[in-house]
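For reference, the structure discussed in these notes is given below.
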Amino acid sequence: MREDGAGAWQAVLFDLDGTLADTIDLIVRSFRHTMEHHLGGAPPDEVWLATIGRPLRDSLGEFARHPGQKMEMLKTYVAFQREVHDDLVRPYPGALEALEGLRDRGVPMAVVTSKGEEIARRTLGVCGMEGHFAVLVTADQVERGKPDPEPVHRALDLLGLNRLEGEERREVLFVGDSPFDMEAGRRGGVQTAAALWGPFGREQLTPHAPDHWLEHPDDLGALRRG
């Protein structure tokens, strides 16, 4: 049953990588493999980690030496990722319990990710989270990925909440770990919560003015809209 009254969220949207699922090792290994295969060597890991939260097609384009190479890199990255995915993905401690708490309170939930649909569903399955979400918005379903607000708007549409405007839209929360999540949520008119257990720290996220800070997934249970 839906929790009513002050402080109840209309819905909670979640980023996937770095927020619900610890995929950082997977992302770094896939990056190294792709760069070494196409460029003969990989830039420092932190260069790639700074792109987490954007669609893969956009991030790889910054490393390609010519337009056609971006698609070649994308194929290499995806093929390698599929091979090693299940061994390198796990849920963050407490993330599944946080989802169960929201479900028990009747709060609708959605995933808003820059992954493709196939690999996003696989990640949710490995983490045991596939049954918790009414809506999944992936990079395949939008023209402009995060930090553009289009993925947030699509999630609201699919949740039947596109009627919300102004302060009412701020009754929706977007939980993410990256600056791109914070920007997409702010520009989409919803409240944002920065997850500090992912690869981005306070120093990187503070300029993007999240409405809330979460030190651990457990903190989400006590969070209420103002």
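Out of Ala110, Ala64, one residue alone is of a type outside the set (Asp, Glu) and at pLDDT 95 or above. It is Ala110. Restricting attention to segment 123-162 and to residues that are in contact (Cβ under 8 Å) with a residue 24 or more places away in the chain, among the aliphatic types (A, V, I, L, M) and farther than 21 Å from Asp22 by Cα, the residue that is surrounded by the most Cβ atoms within 10 Å (Cβ to Cβ) turns out to be Ala155. The C-beta contact set for segment 193-208 (first residue within 23 Å of Leu26 (Cα to Cα), second residue loosely packed, with under 13 Cβ neighbours inside 10 Å, distance under 7 angstrom, 6+ apart or interchain) comprises Leu196/Arg202; Leu196/Glu215. For segment 163-221, the tally of residues that are aromatic (Phe, Trp, Tyr), open to solvent by 20 Å² or more (accessible area, probe 1.4 Å) and within 23 Å of Glu97 (Cα to Cα) stands at 2. For segment 116-210, the helices (runs of 4 or more DSSP H) that sit wholly inside it and include 3 or more residues that are under 15 Å from the mean Cα position of the chain (by Cα) are 117-126, 150-158, 179-187.
The values are calculated or read from the model by the stated rules, or taken from the named source; none is laboratory data. Quantities reported herein were computed from a predicted structural model and do not represent experimental measurements. Here the Cβ is made from the backbone with ideal geometry for all residues, glycine too, and neighbour counts use every protein chain on show. Just so you know, the surface numbers come from the protein's heavy atoms only, side chains and all, with ligands and any DNA or RNA stripped out. Shrake-Rupley method; radii C 1.70, N 1.55, O 1.52, S 1.80 Å.
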